Structure formats: C-alpha cells, structure tokens
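Where a number appears in this text, it was derived from the coordinates with a stated rule and is not lab data. Since the model is a prediction, treat every value here as computed from it, not as a measurement. Cβ sites come from the backbone with ideal geometry, for glycine too, and all protein chains shown count toward neighbours.
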Amino acid sequence: MTQWRKSTYSATESHCVEVADTPDLHAVRDSKTPGQAPFAFDRTEWQAFLRTTQGDRR
C-alpha cells in the first residue's frame with residue numbers, strides 16, 4: 001500500500017498536495033481527489049522539481 005504524506009506547511013489544512021515515494025517514482029496527488037491518477041515523476045524529474053521549488057526559499 002502506498003503511504004501518502006502532506007507537507008508540514010499543510011498540517012492544519014484538510015485539502016493539500018500529497019506525495020508518495022516508491023523505489024522508482026515519486027507521485028503527487030490532490031487530497032481533494034484521491035481517486036484520480038496521481039502525477040508521477042522519476043528520480044531525475046523529482047530532483048529538478050525540488051531544485052526549482054526550493055530555490056525560492058534560499
């Protein structure tokens with residue numbers, strides 16, 4: 001079973017983006033629609049996403 005987690009920034013919110021990690025992919029879904037297919041990223045795509053989004057916080 002896939003373990004979904006949400007950002008600590010969303011801890012008090014009921015609707016947020018959730019992430020799940022598998023050995024090969026990182027999946028992202030909207031918690032309001034958990035039955036829809038998530039977006040899936042391979043390791044390279046995920047690292048590029050993190051570099052881009054975290055760059056604004058440095």
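Stokes-Einstein diffusion of the chain at 20 °C, 1.002 mPa s viscosity, Kirkwood radius from Cα pairs, rounded to a whole number: 174 µm²/s.
Taking Lys and Arg as +1 and Asp and Glu as -1, the other residues whose beta-carbon sits under 11 Å from that of F41 total -3. Label-to-label distance for T44 and L25 is 1.7 nm, based on points extended 7 Å past Cα in the beta-carbon direction. Where Lys and Arg each count +1 and Asp and Glu each count -1, what net charge lies around D21 among other residues with Cβ under 15 Å from its Cβ? For residues surrounding D21, the net value is 0.
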